[in-house]
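What follows is a single structure, and I will ask about it in a moment.
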Amino acid sequence: MKLLHIDASPRTVRSVTRKLSATFVGALRLNHPELQVIHRDVGHNPPPFISDAWIGAAFAKGDFNDPSMKGALHHSDELATELLACDALLIASPMHNFNVSASLKAWIDQVVRTDMTFKITEEGPVPLVKGKKALVVTSRGGYVAGTAYDFQEPYLRTILGFIGITDVTFVHAEGVNSSDKDRDDAMTAASAKLIALADTW
Ligand SMILES: Cc1cc2nc3c(=O)[nH]c(=O)nc-3n(C[C@H](O)[C@H](O)[C@H](O)COP(=O)(O)O)c2cc1C
């Protein structure tokens, strides 16, 4: 199994999502000794935002009238190819301002690309990513899952589904900012869910 593991927290040792995603990878390795992990740390090394040249190149269908257009897709080529080559996707996503972190959004904008991960047809957009499952581990300071304040899970389900990843499981650690005890309890509960999930992957 080839796993693409995205960490999207700007934090290092204090990151809840980094700890939880590492727990899942460790548990998965026990069941899949052949596991290959491609680790993309977008939290510490964010992809660039898309640009005018990027948009021009992405919709030019390889017909570049400006040489700067080809270079504009360099990061997108690398990141989208990496996504297409994996069997499974693990996203560790801190909630920032009710949604994903800006670095994860930058990664999404690089990989959601016409004629690469989706295509436009006369019937509308068609996903091009096939046969992958995804796990999203989130951490939130408050309690928000299923409330009107949660733009993170609905957004990620929508955008992953748009490119063809519909088998998506979410594990949330919530209330982590209330107290050290609440944080520890939330991490213990989420870790238990992740370890159990690793048995069925
Ligand atoms: C800039 C910023 C914005 C945040 N926005 C929210 C929010 O909208 N809702 C919430 O419940 N928690 C929010 N939090 C708390 C984080 O979701 C929480 O600290 C979580 O553990 C972050 O994941 P990490 O520990 O992996 O970085 C925010 C934290 C930061 C630093």
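For segment 2-200, what relative contact order do you get, as a whole percent, if you take Cα pairs closer than 8 Å and at least 6 residues apart?
Working: 335 pairs, mean separation 49.4, N = 199.
Computed value for segment 2-200: 25 percent relative contact order.
Okay, next question. Would you work out which of TRP107, GLY124, VAL13 lies farthest towards the positive end of the dipole of segment 2-200, given +1 charges on the beta-carbon of Lys and Arg and -1 on that of Asp and Glu, about the Cα centre?
VAL13
Still on this structure, please answer the following. Amide H of LYS133: which non-local residues (sequence gap of 5 or more, or other chain) have their own amide H closer than 5 Å, using H built in the peptide plane?
LEU89
Separate question: Give, in nm to one decimal, the length gained when the segment between ALA60 and THR121 is fully stretched (0.36 nm per residue of separation minus the Cα-Cα distance). Spell out each step's value before the answer.
On the way: separation 61, 0.36 × 61 = 21.96 nm, distance 1.58 nm.
Full extension of this stretch gives 20.4 nm more.
Another question about this same structure. Using a 1.4 Å probe over the heavy atoms of the protein chains, calculate the carbon and sulfur portion of the accessible area of the chain as a whole percent.
Values: 5570 of 9940 Å².
Ligands and nucleic acids excluded, carbon and sulfur reach 56 percent.
Dividing the Cα convex hull volume of segment 50-200 by residue count, how many Å³ per residue is that? Display every interim value, and only then the final one.
Details: hull volume 19.5 nm³, N = 151.
Each residue corresponds to 129 Å³ of Cα convex hull volume.
Give me, ordered by chain and number, the residues 5 or more places off PHE170 or on other chains with an amide H under 5 Å from its own placed amide H.
So PHE170 has HN proximity to VAL136.
Going toward the positive end of the dipole of segment 131-201, with +1 on Lys and Arg Cβ and -1 on Asp and Glu Cβ, which of GLY164, ILE195, SER178 do you reach last?
Farthest towards the positive pole: GLY164.
Determine the distance separating the Cα centre of segment 51-106 from the Cα centre of segment 144-192; give it in Å without decimals.
Value for the Cα centre distance between the two parts: 23 Å.
Which value, in debye to the nearest 20, describes the size of the charge dipole of segment 56-178 about its Cα centre when Lys and Arg Cβ atoms bear +1, Asp and Glu Cβ atoms bear -1, and nothing else is charged? Display every interim value, and only then the final one.
On the way: 10 positive and 14 negative charges, 33 e Å.
Computed charge dipole of segment 56-178: roughly 160 debye.
Moving on to the next point. I need the trypsin sites (Lys or Arg not before Pro) found in segment 129-160, filtered to DSSP loop residues with at most 11 other beta carbons within 10 Å of theirs. Could you put the intermediate results ahead of the total?
Details: sites: LYS130, LYS132, LYS133, ARG140, ARG157; in loops: LYS130, LYS132, ARG140.
Of the trypsin sites (Lys or Arg not before Pro), the ones in loops of segment 129-160 whose Cβ has at most 11 other Cβ atoms within 10 Å are LYS130.
Kirkwood hydrodynamic radius, computed over distinct alpha-carbon pairs, for segment 22-129: how many Å, to one decimal?
That comes to 15.7 Å for segment 22-129.
For the chain, build the charge dipole from Cβ charges (+1 Lys, Arg; -1 Asp, Glu) around the Cα centre, then report which of LEU35, ALA60, LEU84 sits farthest towards its positive end.
It is LEU35.
Apply the Karplus parameterisation 6.51 cos²θ - 1.76 cosθ + 1.60, with θ equal to phi minus 60°, to every residue of segment 48-61 and state each ³J(HN,Hα) to the nearest whole Hz, in sequence, with x for glycine and proline.
Each residue's phi maps through the Karplus curve to give x, 5, 5, 10, 4, 5, 4, 5, x, 5, 5, 9, 7, 6 Hz.
Using helices alone, I'd like the mean residue ellipticity at 222 nm for the chain: each DSSP H run of four-plus residues gives -39500 (n - 2.57), total over residue count, nearest 500.
Details: 7 runs with 83 residues, N = 201.
Taken over the chain, the calculation gives -13000 deg cm²/dmol.
Taking amide hydrogens as modeled 1.01 Å from N in the peptide plane, which residues meet the under 5 Å criterion relative to PHE118, leaving out close sequence neighbours?
Answer set, sorted by chain and number: ARG113, LEU128.
A further question on this structure: Simple spin-label model, 7 Å along Cα-to-Cβ: ASN177 to LYS133 in nm?
Inter-label distance under the simple model: 3.3 nm.
Go through segment 54-120 and name the trypsin sites (Lys or Arg not before Pro) that are in a DSSP coil and have 16 or fewer other Cβ atoms within 10 Å of their Cβ. It would help to have the intermediate numbers written out before the result.
Details: sites: LYS61, LYS70, LYS105, ARG113, LYS119; in loops: LYS61, ARG113.
For trypsin sites (Lys or Arg not before Pro) across segment 54-120 that sit outside H, G, I, E and B with at most 16 neighbouring Cβ atoms in 10 Å, the list reads LYS61.
Additional query: Can you give me the accessible area per residue for the chain, using a 1.4 Å probe, in Å²?
Numbers: 9940 Å² over 201 residues.
Per-residue accessible area for the chain comes out at 49 Å².
The values are calculated or read from the model by the stated rules, or taken from the named source; none is laboratory data. Just so it is clear, the structure is predicted and the values come from calculations on it, not from any experiment. Note that each Cβ is placed from the backbone with ideal geometry, even for glycine, and that neighbours are counted across all protein chains shown. Heavy atoms of the whole protein, side chains included, go into the accessibility calculation; ligands, DNA and RNA do not. Shrake-Rupley method; radii C 1.70, N 1.55, O 1.52, S 1.80 Å.
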